[in-house]
Amino acid sequence: YPLERSQAYYSDVLDRLRSTPGISDASVSSGGALSGFDGRASVRYEGGVRDVRLNAIDDHYFRTLGIPILAGRGFHATEVPHAQHGVVLNMALARQLFGSDHAAIGRLVTLMAGRASFERLVVGVVENTADVDPRDRSTPAAYIPVGDSPLLVVHVRTTTEAASLVPLVRQTVTSVDARVPLLGIGTIEGRRWHVLQ
């Protein structure tokens, strides 16, 4: 899809998933949740520069994955399509940069990814997660609104045993457009087991 069409595609996918029996919520992100995608960036602030894991997310991401917001807030739905200039830090990064979760709220940081550099306002702090290695929750991480990224990971939270819904999730996603390839589908527990082997 051209970029302007990708937002509509993912919006349709999420709407259908959220109305599917057995699914309580759905979200998209550029990586995270043991997906195998590990974005990297640097954060510049008053005290220096830190390397971080960078994940572009939508407004349902923290709720879908059960990640607690410790201070401030997550993103609003209106911020996500236009990748507006907020950033959410994980606890590890907020405490490294500003000493505490609440001290980070309202502060400005500069994110640097590749040749791009942009200033962001810290709007929230969330619990640390094990996005790449289930044994490591200490990696500093930053989250930005997903915007119009053409390749995203879709997450669903289920109200029943997750593995039993894999065929239904596959069918729901392909019903939007069967030409779009699914690069992989599985449960968080399955991915955790695979990584630890």
Exercise. Take the residues of the stretch 102-121 that are surrounded by 13 or more Cβ atoms within 10 Å (Cβ to Cβ) and assigned to a loop (DSSP other than H, G, I, E, B): which is modelled with the lowest pLDDT?
Worked result: Arg107
For this session: Only residues that are part of a loop (DSSP other than H, G, I, E, B) and either open to solvent by 40 Å² or more (accessible area, probe 1.4 Å) or farther than 22 Å from Ile188 by Cβ (or both): list them for the stretch 122-139, please.
Result: Glu127, Val132, Asp133, Arg135, Asp136, Arg137, Ser138
Problem set entry | Within the stretch 171-191, tally of residues that are part of a helix (DSSP H, G or I), under 25 Å from Phe62 (Cβ atoms) and open to solvent by 50 Å² or more (accessible area, probe 1.4 Å) | 3
Exercise. Where in the stretch 1-98 are there helices (runs of 4 or more DSSP H), lying wholly inside it, with at least 1 residues that are among the small types (Gly, Ala, Ser), open to solvent by less than 10 Å² (accessible area, probe 1.4 Å) and touching a residue at least 12 places away in the same chain (Cβ under 8 Å)?
Worked result: 3-18, 91-98
Exercise. Which numbered condition trips up Ala142, out of (1) within 21 Å of the chain's Cα centre (by Cα); (2) in a loop (DSSP other than H, G, I, E, B); (3) at pLDDT 90 or above?
Worked result: (2)
Exercise. Taking the stretch 70-86 only, how many residues are touching a Lys or Arg at 6+ places or on another chain (Cβ under 9 Å) and at pLDDT 95 or above?
Worked result: 1
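The values are calculated or read from the model by the stated rules, or taken from the named source; none is laboratory data. Source: prediction; values computed, not measured. Positions of Cβ are backbone-derived with ideal geometry, glycine not excepted, and every protein chain shown enters the neighbour counts. To get the accessible areas, we keep the full protein, side chains included, count just its heavy atoms, and leave off ligands, DNA and RNA. Shrake-Rupley method; radii C 1.70, N 1.55, O 1.52, S 1.80 Å.
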